Amino acid sequence: MKFVISSSVLSARLQAIGRVIASKNNLPILDCFVFDIKDNKLTLTASDNETTLTTWVDLVESDADICFAVNAKTIQDAMKEIPEQPLEFYVNETTLEITVEYQNGKYNFMGQNAEDYPVPPQMEENGSSLTLSANALYSGISRALFATADDALRPVMNGVFFDISENDLTVVASDGHKLACDKTNGVQASAPGTFILPKKPATLARNILAKEQGDVVVRFSERNALMQSEGFMMNCRLIEGRYPNYNSVIPQDNPNNVTVNRQAFMSALRRVLIFSNASSALIKIHLEMSKMVISSQDIDFSMSAEEVLLCDYSGVPMSIGFKGTYLMELLNNLEGDEIVIKLADASRAGVIVPAEQKEDGYVLMLLMPMMLNE
């Protein structure tokens with residue numbers, strides 16, 4: 001049989017779903033992409049047996065229906081080297097020998113039988129569903145993902161928590177030191193519910209959603225979740241367990257508020273961090289009227305640094321310590337020109353929010369302080 005497809009379209013789709021394939025697989029067939037052609041449409045599938053990514057694209061032409069598997073590395077590397085042009089695939093339906101003809105030459109390689117490729121579990125009929133824009137879901141996952149933990153003893157902390165009510169979605173992640181929370185109003189949910197999305201499928205979803213338009217439908221049950229956009233579908237296994245009550249750790253009344261330019265703050269942090277102790281990365285922030293003093297030191301190497309930033313501060317003069325690398329991560333995942341840091345005292349968590357929140361919800365970051373040796 002023969003089918004024709006654009007080289008750039010095929011390469012882009014293979015690259016997008018190929019990230020799910022693990023470097024070492026227990027099943028050799030999982031080293032492959034599945035090509036399934038029906039009614040002039042090509043459906044591509046990749047999986048690591050926990051997460052399955054599927055995408056589809058219309059073919060320029062095809063003369064029969066067929067399903068076969070192709071080694072992922074072989075076809076990805078081959079497609080990268082071909083500039084934009086139509087590719088003609090010829091597949092021997094008996095031997096699965098594949099010939100790809102292009103403008104200046106051709107490739108020959110062997111396909112495999114796709115019958116042994118694992119099929120993802122079907123979504124349970126009593127599962128819940130959620131519909132929201134691809135941009136909103138991308139933003140929520142992006143802002144939370146960096147705060148996930150790597151804790152073998154508490155696997156629930158290693159994923160992104162989705163807390164769904166009838167009209168809004170809150171996406172949360174925390175490693176016990178930092179917490180990221182993104183709430184979006186105006187979503188359509190069949191019923192309130194929660195689930196914990198593992199880090200790998202969350203990362204895959206973020207990469208795919210960055211280029212998607214339109215709405216995304218998320219269906220989930222106790223064990224599995226399915227996300228479907230206009231061009232992709234992801235089926236994955238969820239982390240089972242109970243996520244801690246994140247609302248209970250967010251301070252509701254921090255009276256000392258400082259408003260500062262985000263980029264200026266980040267630039268000062270980068271410079272001061274160079275002179276901090278490499279293991280602790282401790283940054284001291286001293287606040288008083290209209291002034292923020294950022295400092296660090298490394299006693300072992302007799303190094304120190306200090307910078308003064310102008311800010312809008314309403315509160316009593318105070319000093320607080322934070323891990324500078326965590327603080328940089330939080331600031332990198334916020335948007336807007338200015339941020340507000342809400343503090344109580346040097347021993348309690350600081351809350352960091354944009355000075356101007358998004359129209360359809362809010363973003364909140366929380367960072368636990370470090371002890372100052374004073």
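The values are calculated or read from the model by the stated rules, or taken from the named source; none is laboratory data. None of the values given here were measured: they were computed from a predicted structure. We place every Cβ from the backbone using ideal geometry, glycine too, and count neighbours over all the protein chains shown. For the accessible areas, the whole protein counts, side chains as well, though only heavy atoms, and no ligand, DNA or RNA atoms are used. Shrake-Rupley method; radii C 1.70, N 1.55, O 1.52, S 1.80 Å.
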Which percent of the accessible heavy-atom area of segment 267-374 goes to carbon and sulfur, probe 1.4 angstrom? 52
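Please give the contour-minus-distance gain from D360 to N257: 0.36 nm per residue of separation, less the Cα-Cα distance, rounded to one decimal in nm. All intermediate terms of the calculation are to be shown ahead of the outcome.
Numbers: separation 103, 0.36 × 103 = 37.08 nm, distance 2.35 nm.
Gain on stretching D360 to N257: 34.7 nm.
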Hits among lysines - C-alpha to C-alpha of K183 under 22 Å, sequence gap 8 or more where chains match: K199, K200, K211, K342, K358
Compute the label zone of V217 within segment 163-196: residues whose backbone N is under 20 Å from the point 7 Å along Cα-to-Cβ. 164-169, 186-195
Which order do you get for Y90, Y326, Y117 if you rank them by accessible area with a 1.4 Å probe, largest at the top? Y90, Y326, Y117
Cα-based Rg of the chain normalised by 2.2 N^0.38 Å, two decimals: 1.20
Accessible surface, 1.4 Å probe, highest first, among residues V217, V100, V340: V217, V340, V100
Lys and Arg at +1, Asp and Glu at -1: neighbours of A349 with Cβ under 10 Å from its Cβ sum to +3
Residues meeting the amide H criterion for C32 (H placed from the backbone, H to H distance under 5 Å, 5 or more places apart or on another chain) are A72
Using a 1.4 Å probe, what is the accessible area per residue for the chain, in Å²? 49
Can you list the HN-Hα couplings for segment 308-325, worked out from phi with the Karplus curve (6.51, -1.76, 1.60; θ = phi - 60°), rounded to whole Hz and with x for Gly and Pro? 10, 10, 6, 8, 10, 10, 10, x, 7, x, 7, 10, 8, x, 9, 6, x, 5
Calculate the length of the line joining the C-alpha centroid of segment 102-154 to that of segment 229-269, in whole Å. 23
Whole-Hz ³J(HN,Hα) for each residue in segment 84-97, computed from phi via Karplus 6.51 cos²θ - 1.76 cosθ + 1.60 with θ = phi - 60°, x for glycine and proline: what do you get? 4, 5, x, 10, 9, 9, 10, 10, 6, 5, 8, 8, 6, 6
For a Förster distance of 25 Å, can you work out the FRET efficiency between the beta-carbons of S347 and V156, rounded to the nearest 0.05? 0.40
Positive end of the dipole of the chain, charges at C-beta (+1 Lys, Arg; -1 Asp, Glu), about the Cα centre: which of G231, I285, P86 has its Cα farthest in that direction? I285
Taking 0.36 nm per residue of separation between D58 and L27 and subtracting their Cα-Cα distance, the length gained on full extension comes to 8.2 nm
Computed about the Cα centre, the charge dipole of segment 172-300 from +1 Lys/Arg and -1 Asp/Glu charges at the Cβ has a magnitude in debye, to the nearest 20, of 200
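How do E101, E240 stack up against each other in accessible area, from largest to smallest, with a 1.4 angstrom probe?
E240, E101
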HN-Hα couplings for segment 41-47 via Karplus (6.51, -1.76, 1.60; θ = phi - 60°), in whole Hz with x for Gly/Pro, come out as 10, 9, 10, 10, 10, 9, 7
